[in-house]
Amino acid sequence: MLKQIQMAVSLIYPPRCLGCGDLVDSDFGLCGTCWRETPFIGGTVCESCGVPLPGQADGFRLDCDDCMAHPRAWSQGRAALLYRDQARSLVLALKHGDRGDIARSAAVWMMVAAKPLLENDPLIVPVPLHWTRLLKRRYNQSALLAVQLAKQCQLQCCVDLLHRRKRTESLDGKTREQRFVALGDAVAFNRRQRARLQGRVILLVDDVMTSGATLTACTDACLRGGAAEVRVVVLARVSKR
């Protein structure tokens, strides 16, 4: 009976490409054209931010020039996509276009990228939005990604472990230094969730990493609250290359 209902639904609402809306073979997928235009990250990557690196892994830790010049507060980081082309369109649709359906597929891509970060039963935690932005946007795209990632990985998720205690102005167009100054003390841990934080490995989830200022503020908050280690995974990474 259930199978018949699913077939009927698929006839009425055939699966569409997440990118362009064309018909595809299965739900939550990309058509061939959009897949080719989506820059998935693979191969050798920076251990701290997930950006692609030339050459082959040699068994030693590899970090990009940015992460060597500015060591990260977290221990490891990964990204599923480069923030350009179709990936940028998907991120913006998820963030500003009420396209929560993208989070399910995005979480699968993030799980693949974050495989080395899933050891030791990490607690999955989204980067928080200030309540005023949450009220305006109606949802936190990072929380949507975190919940879906936790389902895919069968791990625990705590969507309110962190909170923004002050609203920061838009970071678009700001330099690296300006971003870090703006976010210096903007994030704090939720004291009601402190017991869940103590001694845990935290896996922070966000949609995009640019300078890493937001993730640094969140990492510092987790470590102040007693976390043993913080790792990060993002859907897309801005790259200078």
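Assorted remarks:
- A simple charge model with +1 on the Cβ of Lys and Arg, -1 on the Cβ of Asp and Glu and nothing else charged puts the dipole of segment 184-236 at about 380 debye relative to its Cα centre.
- Shape call, segment 86-133: gyration tensor on alpha carbons, a/c limit 1.5: oblate
- Applying 1/(1 + (r/R0)^6) with R0 = 22 Å to the Cβ-Cβ distance of W131 and R224 gives a FRET efficiency near 0.55.
- Ranking by accessible area, most exposed first, for H70, H96 with a 1.4 Å probe: H96, H70
- Gained length - D22 relative to R176, 0.36 nm times residue gap less alpha-carbon distance: 51.6 nm
- In the chain, helical runs assigned H by DSSP with n ≥ 4 each contribute -39500 (n - 2.57); averaged across all residues and rounded to the nearest 500, the mean residue ellipticity at 222 nm is -10000 deg cm²/dmol.
- Y139, Y83, reordered so the largest accessible area comes first (probe 1.4 Å): Y83, Y139
- For segment 88-240: accessible area per residue (Å², 1.4 Å): 46 Å²
- Positive-end ranking of G100, A87, P122 along the dipole of segment 51-127, with charges on Cβ about the Cα centre, is headed by G100.
- Charge dipole of the chain about the Cα centre (unit charges at C-beta), most positive-ward option of L135, Q152, G184: L135
- Note on the chain: dipole from Cβ charges, positive end direction compared against C34, L162, L215; the farthest Cα belongs to L162.
- Neighbour net charge for A114 - beta-carbon separation under 15 angstrom, K R +1, D E -1: -1
- Extended-chain gain in nm, criterion 0.36 nm per residue less alpha-carbon gap, D85 and A73: 1.4 nm
- Whole-percent pair-distance distribution, where bins are 10 Å wide, for the alpha carbons of segment 63-116: 21, 41, 31, 7
- FRET efficiency for the D160 to F40 pair, using the beta carbon distance and R₀ = 35 Å, is estimated at 0.65.
- For G226, net neighbour charge (Lys/Arg +1, Asp/Glu -1) across residues whose Cβ lies under 15 Å away: +4
- D_trans [Stokes-Einstein, Kirkwood Rh over alpha-carbon pairs] for segment 65-223, 37 °C, 0.692 mPa s, µm² s⁻¹: 204 µm²/s
- Simple point charges give the picture: +1 on the Cβ of Lys and Arg, -1 on the Cβ of Asp and Glu, and for segment 34-174 a dipole about the Cα centre of about 760 debye.
- Percentage relative contact order, the chain, counting C-alpha pairs under 8 Å, at least six apart: 20 percent
- Here the dipole of the chain is about 840 debye; that uses its Cα centre as origin and unit charges on the Cβ of Lys and Arg (positive) and Asp and Glu (negative).
- Pairwise centroid distance, computed over Cα atoms, of segment 43-70 with segment 92-166, Å: 24 Å
- Computed from the Cα positions only, the extents of segment 17-99 along the three principal axes stand at 44, 28, 18 Å, in decreasing order.
- Share of carbon and sulfur in the accessible area of the chain stands at 52%, probe radius 1.4 Å.
The values are calculated or read from the model by the stated rules, or taken from the named source; none is laboratory data. Please read these numbers as outputs of a predicted model, since none were measured by experiment. Note: ideal-geometry Cβ built from the backbone for every residue, glycine included; neighbour counts use all protein chains shown. Just the protein is used for accessible areas: all its heavy atoms, side chains included, with ligands, DNA and RNA removed. Shrake-Rupley method; radii C 1.70, N 1.55, O 1.52, S 1.80 Å.
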